[in-house]
Amino acid sequence: MFCPTCGSEIDDNATICPKCGVPVKPYSTTATTEQKTNIFAVLGLIFSILGGWLGIVFSIIGLVQAPKFGGKGKGLAIAGLIISVIWVVIAIAMYPFVLAAMENALA
Ligand SMILES: [Zn+2]
């Protein structure tokens with residue numbers, strides 16, 4: 001990103017401009033500032049598609065952290081959470097059938 005005070009190109013993670021020493025606001029909403037991808041939301045969606053508790057965990061983190069990424073990944077996190085919940089519902093719905101199949105196999 002670029003320092004809003006002196007215009008020097010500085011590290012995206014920098015909180016203070018090394019050229020002029022003026023504090024730089026991270027995740028500024030100015031058009032020239034690139035926003036980072038909300039990796040938790042992305043991971044949440046990937047794990048939710050694979051089916052697992054990690055999908056729920058990462059999606060919740062992604063949703064909570066979304067404001068820090070300028071709102072990025074909020075939609076992904078919600079999608080990941082919904083898919084994860086569907087997997088859990090399917091798993092619970094299948095449980096009696098799996099149990100019955102196991103009892104038949106043991107009988
Ligand atoms: Zn500067």
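The set of residues in the stretch 91-107 being modelled with pLDDT under 90 and assigned to a helix (DSSP H, G or I) consists of ALA91, LEU106. For the stretch 7-25, residues that are more than 10 Å from the ligand (Cβ to nearest atom) and of a type in the set (A, V, I, L, M, F, W, C) total 0.
Restricting to the stretch 71-88, and then to whatever is under 30 Å from ALA14 (Cβ atoms) and buried (at least 16 other Cβ atoms within 10 Å of the Cβ), can you tell me which residue is modelled with the highest pLDDT? Only one residue tops the list, namely ALA77.
The values are calculated or read from the model by the stated rules, or taken from the named source; none is laboratory data. A quick note: this is a predicted structure, and the numbers were derived from the prediction, not measured. Neighbour counts are summed over all protein chains in view; Cβ atoms, including those assigned to glycine, are modelled from backbone coordinates with ideal geometry.
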